[in-house]
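Below is one structure, written out as C-alpha cells; comments come after it.
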Amino acid sequence: MVPRMPVPSSLRDALAGTRALLLDLDGVIVVAGKPVPGTAEAIGTLERRRIPYRIVTNTSTVSRETLARWASQLGAPIPAARFQSALSASAAWTRRAFPGGPLYVLASEDARAEFDGQRLLSHAEARAPGAVVAAVIVGDSPEEATYENLNVAFRLVRAGARLVGMHRNPWWLTPDGPTLDSGAFVVGLEFAAETRATIIGKPSAAFFSAAVADLRREVGRDLARADVAMVGDDVRTDIRAAQRAGLRGVFVLSGKHGPADVDTAAGERGGRRPHAVAPSLADVVAALD
C-alpha cells in the first residue's frame, strides 16, 4: 500500500458528481511497462465501489484479450470488455465502413486478431501488381513498420485506398525511453500521398462518444457527458480532446507530460486547462464522492 497525502479539497470539488471514469493506459496505469504505484489498489477500489470505468487507450500493439491478461499479471485485473483501444475501435469502424472489402493492416499478428472475419491482405498480396484495397490501416508495430511495408501502403493509398490511422500519437514512453510512435508514420504517409488520414483513436470525438455510449449501457441513458471524467497524462490527446467532447479532463502527473506542458497547451489556440490535476490515478479515486 502506497501512503497518500490528504486529498485536496480542490480535487474533491472538481470531481464532485462524477459517475464514471475513462482511464488512459500508458502514463496512468502503467509507465514504460511498469505499473504506476497505487494503480492496482485504485482499480480494486473502483471495482468494490462499482464505479463504472473504461480503459480508453491508443495502444494498438496487442488485442484487448492480451491487454487484459497483461493487466492481471501487473496486479490490476481488468476484464477485456473494459478496454476500448484505438485498435479495437479501428476494427469496428472498418467492419462498418468496408463490409467485405480487402484491407491492408500494418499491425502485429495479435493485433490483427481484432479484425476477425474481415478480409486482410498479406504483405505478398498487397505487393502484387495491380493490388487494390479499400483501406490501409496503420497501427503500432515496429516489426511491421518497415520501409518496404510503408512503401506498399503509400502505393495503395496513391491508388485510391482510404488511409486510416489507429491514432496520431507522435511518441510514447517505453522501457528504453521516449520512442517514436506510429502517428509519425501516419503523418509521413499523409505528406507523401497528399491526403488526410481518418484517425480513429484519441483525440477523435467519435472515440470518446463510443466509450460514453458503452458506459451508458452499464449506467443508464441518463449518464451525462459532464458526469464522466477522462483521466490522462497527455494534455492534448487525453485532456483537451475529452473536454472538447464534453467530458471532464483530469490530468495526472504520473506520465509523459508535466506542469510545464499544461501551461504550454493552455496558451495554444483552443487551449484550456484541465478541470483538475492530481499526482496519480490513486489520488483521483480517493477524491471521488
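The values are calculated or read from the model by the stated rules, or taken from the named source; none is laboratory data. All values derive from a computational prediction rather than experimental measurement. Cβ atoms come from the backbone with ideal geometry, glycine included; neighbour counts cover every protein chain shown. For accessibility, only protein heavy atoms count, side chains too; no ligands or nucleic acids. Shrake-Rupley method; radii C 1.70, N 1.55, O 1.52, S 1.80 Å.
The table that follows gives values for the structure above.
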item	result
Residue in segment 223-242 that is assigned to a loop (DSSP other than H, G, I, E, B) and either farther than 24 Å from P279 by Cβ or polar (S, T, N, Q) (or both) present	yes
Scan of segment 247-265 for residues that are aliphatic (A, V, I, L, M) and touching a helix residue (DSSP H, G or I) at 6+ places or on another chain (Cβ under 8 Å), ordered by number	L247, V250, V252, L253, V262, A265
Among residues of segment 5-23, those that are open to solvent by 10 Å² or more (accessible area, probe 1.4 Å) and in contact with a Ser or Thr (Cβ under 9 Å, 6 or more places away or on another chain), counted	0
Where a residue in segment 259-284 is over 16 Å from G27 (Cβ atoms) and its partner, wherever it lies, is open to solvent by 80 Å² or more (accessible area, probe 1.4 Å) and not hydrophobic (A, V, I, L, M, F, W, C), with Cβ under 7 Å and at least six apart	A266/R272; A266/R273
Residues being of a type in the set (V, I, T) and either surrounded by fewer than 20 Cβ atoms within 10 Å (Cβ to Cβ) or touching a Lys or Arg at 6+ places or on another chain (Cβ under 8 Å) (or both) - total across segment 62-108	2
Restricting segment 122-143 to residues that are within 25 Å of the chain's Cα centre (by Cα) and part of a loop (DSSP other than H, G, I, E, B), the residue that is surrounded by the fewest Cβ atoms within 10 Å (Cβ to Cβ)	E143
Residues of segment 246-265 that turn out to be open to solvent by less than 40 Å² (accessible area, probe 1.4 Å), part of a loop (DSSP other than H, G, I, E, B) and touching a strand residue (DSSP E or B) at 6+ places or on another chain (Cβ under 8 Å), as a count	4
Exclusive hit being touching a helix residue (DSSP H, G or I) at 6+ places or on another chain (Cβ under 7 Å) and farther than 20 Å from S254 by Cβ, set A80, A42	A80
Unmet requirement for F154, which otherwise passes all of (1) at pLDDT 95 or above; (2) surrounded by fewer than 21 Cβ atoms within 10 Å (Cβ to Cβ); (3) under 30 Å from D233 (Cα atoms)	(3)
Number of the exception - W171 against (1) modelled with pLDDT of 95 or more; (2) surrounded by fewer than 18 Cβ atoms within 10 Å (Cβ to Cβ)	(1)
Checklist (1) in contact (Cβ under 8 Å) with a residue 40 or more places away in the chain; (2) of a type in the set (V, I, T); (3) crowded, with 21+ Cβ neighbours inside 10 Å applied to V219, failing item	(3)
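Rundown of residues vs (1) touching a strand residue (DSSP E or B) at 6+ places or on another chain (Cβ under 6 Å); (2) closer than 17 Å to S85 by Cβ; (3) touching a residue at least 60 places away in the same chain (Cβ under 8 Å), yes/no style:
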| residue | (1), (2), (3) |
| --- | --- |
| A32 | yes, no, yes |
| A40 | no, no, no |
| I51 | no, no, yes |
| A68 | no, yes, no |
| S72 | no, yes, no |
